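Structure record follows, encoded as C-alpha cells.
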Amino acid sequence: MNQLTNRELLLLEENLKLEASMATFAQSCVHLISDPQLRALCQRIAQDHHNDYQELSRHINMRNM
Amino acid sequence: MPQHMNPNYSAMATTGAVGTTGTTIGNAGGIGLTDRDLFQIMLNEHKLMTMSMTTLILEAVNPQLRQDCIKILNKNFDHQRMIWEAMHQRGWYQVQMATPQEMQRMQQQLSHQPYSQQQPYTQQPYTQQPTHTQQTFHQQPYMQQSYTQQPYSQSFTQRS
C-alpha cells in the first residue's frame, strides 16, 4: 500500500473539513429553508457530501489498518 | 463552525445584494437569514471547495486518491450548477452579458495579435521577439487586465 505524501495528507485534511462542514451546513438548511424544492436540493447535497467525506476518509483509514 | 462557514460572516459579504425576495428565517443568533442568503453561502462554499479539491488533485501522487478526488470534484461542479440554476431561476443571481462593443473590442485585440502568427518558443526565444510584439503584450497584458477589471473576491459580492 502506497503511503501518502505530507502534501497529500495536509490537503486531504483540509478537504475533509470542507466536506464535513458542507454536509452539516446543507443538512441544517433542510430544516431552515422554506421552499420545498430548495429543501430537496439541500437534502441531496448534504447526502452527497456525507458520502464524499466517507470516501475521502477511507484514504486515511486504509493506511492506519 | 469555521469562520468561512459562519452564516453571519458570509451573509455580511453579500449584504449589498441581499434583497427581500426570500423568506426570512430566524436563527439562533437572532439574525434573520433568507433562503437566498443560505443558498448564496452554499454557492460560495462550493466555489471554495472546488478550488481546494483542484489543488489536491494537482498535488496528488497516489493514482487512486487522484481518481477519487476527480470524481468528487465533478460532483461539486454538478452541485454548483444546480445551486446556481436554482438561484438564477428565482432572480437571486443576475448575470451581465457582454455588450457588442466589448465583443468588438476583443475581436480587434485578437486580430492585432492572432495566436497562429505568434512565434513558437522553440524557434524564437522570448528575448529575441520583435519589439512590436513585446510592446503589445506590455500594453495589454491579458491576465492583468482581467484581474484589474473584476477581482475574484469582489465578484463574489457583486454577483450575489
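Any read-out appearing in this document is the output of simple, stated calculations on the displayed coordinates, not a laboratory observation. From a predicted model like this one, the values you see are computed outputs, not experimental measurements. Quick reminder, even Gly has a Cβ in these numbers, built from the backbone with ideal geometry, and neighbours come from all protein chains shown.
Quick check on this structure: which one of A:Leu10, A:Leu41 is of a type in the set (A, V, I, L, M) and over 30 Å from B:Arg90 (Cβ atoms)?
Values: A:Leu41 fails: over 30 Å from B:Arg90 (Cβ atoms).
The conditions single out A:Leu10.
For region A:20-65, name all the residues that are at the interface with another protein chain (Cβ under 8 Å from one of its Cβ atoms) and small (Gly, Ala, Ser).
A:Ser21, A:Ala26, A:Ser34
So in region A:1-19, with the set limited to residues that are facing chain B (nearest Cβ under 7 Å) and not in a helix (DSSP H, G or I), which one is surrounded by the fewest Cβ atoms within 10 Å (Cβ to Cβ)?
Checking each candidate, the answer is A:Asn2.
Return the total of residues in region B:41-72 being within 10 Å of another protein chain (Cβ to nearest Cβ), within 16 Å of the chain's Cα centre (by Cα) and buried (at least 19 other Cβ atoms within 10 Å of the Cβ).
6
Please determine whether any residue of region A:33-52 is within 12 Å of the chain's Cα centre (by Cα) and basic (Lys, Arg).
no
Filtering region A:20-51 down to residues that are charged (D, E, K, R) and within 23 Å of B:Asp68 (Cβ to Cβ), which residue is surrounded by the most Cβ atoms within 10 Å (Cβ to Cβ)?
To start, the set of residues in region A:20-51 that are charged (D, E, K, R) comprises A:35, A:39, A:44, A:48.
Checking which are within 23 Å of B:Asp68 (Cβ to Cβ) leaves us with A:44, A:48.
Values: A:Arg44: 14, A:Asp48: 19.
Per the criteria, the residue is A:Asp48.
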